[in-house]
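Undergrad: Attaching a single structure in structure tokens format; questions to follow.
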Amino acid sequence: MRLEEIDKNGTLQGFVLVKTCDRKSAKNGSTYLDLIITDGESDVVAKIWDFKGEVSEQPAVGTLIRVRGTLSIYNGQPQFKIDRFRAVNDADNVNISDFVPSATFSGEEMFDEIVLLADKFEDAELKKLTLSVLDEYKSRILELPAAFKLHHAVRGGLMMHTLSLCRLAEAVSLLYPSVDKDLLLCGAILHDIAKSEEFNLAPTGLVDGYTARGTLVGHLVGGAMLVNEIGKRENISDETLMLVEHMLISHHGIPEYGAAVRPLFLEAEILSSLDTFDANIFEIENALKDIEAGSFTNRMWALDDRKFYNHGRKKIVTDVNLIIKNSENEEK
């Protein structure tokens, strides 16, 4: 673990994130706390023996604490004995994003790239609609994960997935001249916008469940509703709103995956395909990154219960080259 050794007795201290914390009784009748903590690189079981504090004094799940203690091996596994701990304060100058899975780039960087794309739309209505929605929802989506447990379920994952779709949409539009680039990009930018109203967030910024609205309405229909509301306010035509709304309610492809209707025009079909494409690549790469060459992943239920083979021909890299400034490219 990335903890500092502070004496010759092997005492370690540093900052960790509390992933679980259970209050238990020892054989001698004393109370102890059984935790899983992480330093951002590895998880370890930790114990606080003979704990006499109240429940409110326990380390809170999803928060950072500063610990001091010793690391040993118990039943073949590392175990950290916490002798002292305290909550993190502002003076510690630590960021929780260093302790939880996060996108390579900041939400602000990726959001700015998306705004650059929307600002270059030739279609005035799509440009106005997209920028209006982004402006209204910016603070809610910058660090939002894209999922609870599956693809891009990391801090900033929604922006990462959205910008990735935009880059794919740009490439498809170059290859197929019949594609309405502005319409496709608008759908890519807004397709998951209502996830901001779908998820409950833990203190870590990761998703720990769904809101009532998320369960009852969902982000496909919810996204179409908010686009319609903002679009009406901005005097966007019914025809334009209908096309964008259809892309949002159909982007999961089939009803079994949550689509209200199947995609019924070209850009809607492309958006649905690219959404699945990007999600699948993230899932496969994420599973392969810890698998040695010549080995298979575990079966992945989200990908038809398949297991994937690491052929070892290239290093698995989960970082995506998303930040390519359009203005810089044009200057070159």
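Undergrad: I need the GluC sites (Glu not before Pro) found in the range 92-160, filtered to DSSP loop residues with at most 10 other beta carbons within 10 Å of theirs.
TA: In loop regions of the range 92-160 (DSSP not H, G, I, E or B), the sparsely surrounded GluC sites (Glu not before Pro) are E122.
Undergrad: Moving on to the next point. Helix 266-288 versus the longest principal axis of the chain: what angle, 0 to 90°, nearest 10, using Cα atoms?
TA: Roughly 20 degrees, rounded to the nearest 10.
Undergrad: OK, next. For a protection proxy built on the mean count of beta-carbon atoms within 10 angstrom, sort 31-40, 222-231, 205-214, 183-192 highest first, please.
TA: 183-192, 222-231, 31-40, 205-214
Undergrad: Let me ask you something else. How big is the range 1-135 by the Kirkwood estimate over distinct Cα pairs, in Å?
TA: Kirkwood hydrodynamic radius for the range 1-135: 17.9 Å.
Undergrad: Related question: Could you state the angle between the C-alpha long axis of helix 218-233 and the longest principal axis of the C-alpha atoms of the chain, as a value from 0 to 90 degrees rounded to the nearest 10?
TA: For 218-233 against the chain, the angle is about 50 degrees.
Undergrad: For the range 36-82 and the range 247-290, write down the distance between their C-alpha centroids in whole Å.
TA: Between the Cα centre of the range 36-82 and that of the range 247-290, the gap is 40 Å.
Undergrad: Out of the trypsin sites (Lys or Arg not before Pro) in the range 232-306, which ones are loop residues according to DSSP with at most 15 other C-beta atoms within 10 Å?
TA: Here the trypsin sites (Lys or Arg not before Pro) that fit, given the DSSP loop and packing criteria, are K289, R299.
Undergrad: Quick one: plug the Kirkwood hydrodynamic radius of the range 1-79 (C-alpha pairs) into Stokes-Einstein at 4 °C, 1.567 mPa s, and report D in µm²/s.
TA: Result for D is 98 µm²/s.
Undergrad: Looking at the square roots a ≥ b ≥ c of the eigenvalues of the Cα gyration tensor of the range 146-302, which shape do they give, rounded for a/c under 1.5, prolate if a/b is larger than b/c, or oblate?
TA: Oblate shape, in that a/c is at least 1.5 and b/c is the bigger or equal ratio.
Undergrad: Given (i) 72, 49, 32; (ii) 62, 49, 34; (iii) 72, 48, 45 as candidate values of Cα extents along the principal axes in Å, which corresponds to the one derived from the coordinates?
TA: Entry (iii).
Undergrad: Starting from 0.36 nm per residue, how many nanometres of slack lie between L174 and V261 once their C-alpha separation is accounted for?
TA: 28.6 nm
Undergrad: Could I ask something else about it? Taking the range 233-298, which GluC sites (Glu not before Pro) meet the DSSP loop condition and have no more than 15 other C-beta atoms within 10 Å?
TA: For GluC sites (Glu not before Pro) across the range 233-298 that sit outside H, G, I, E and B with at most 15 neighbouring Cβ atoms in 10 Å, the list reads E234, E292.
Undergrad: Just need the Rg to Rh number for the range 69-139, please, alpha carbons only, Kirkwood Rh.
TA: Here Rg/Rh amounts to 1.33.
Undergrad: Moving to a separate point now. Compute, for R68, the solvent-accessible surface of its heavy atoms (probe 1.4 Å) with the complete set of protein chains present, and express it in square angstrom to the nearest 10.
TA: Rounded to the nearest 10, that gives 80 Å².
Undergrad: Mind giving me the nanometre distance, one decimal, between the label points for F148 and N95, set 7 Å out from Cα along Cα→Cβ?
TA: The two pseudo-label positions are separated by 2.9 nm.
Undergrad: Here is a follow-up. Eight or more residues apart or on different chains, and alpha-carbon atoms under 25 Å: count the Lys pairs in the range 59-141 matching that.
TA: Here the count comes out as 4.
Undergrad: Further question on the same structure: Give me P(r) over the range 90-214, computed from all C-alpha to C-alpha distances, binned every 10 Å, as integer percentages.
TA: P(r) for the range 90-214, in whole percents per bin: 13, 41, 30, 13, 2, 0.
Undergrad: On a 0 to 90 degree scale, rounded to 10, what angle separates helix 107-119 from the longest Cα axis of the chain?
TA: Value to nearest ten degrees: 0.
The values are calculated or read from the model by the stated rules, or taken from the named source; none is laboratory data. This is a predicted model, so every value here is computed, not measured. As a convention, Cβ positions derive from the backbone with ideal geometry for all residues, glycine included, and neighbour counts pool all protein chains shown. For the accessible areas, the whole protein counts, side chains as well, though only heavy atoms, and no ligand, DNA or RNA atoms are used. Shrake-Rupley method; radii C 1.70, N 1.55, O 1.52, S 1.80 Å.
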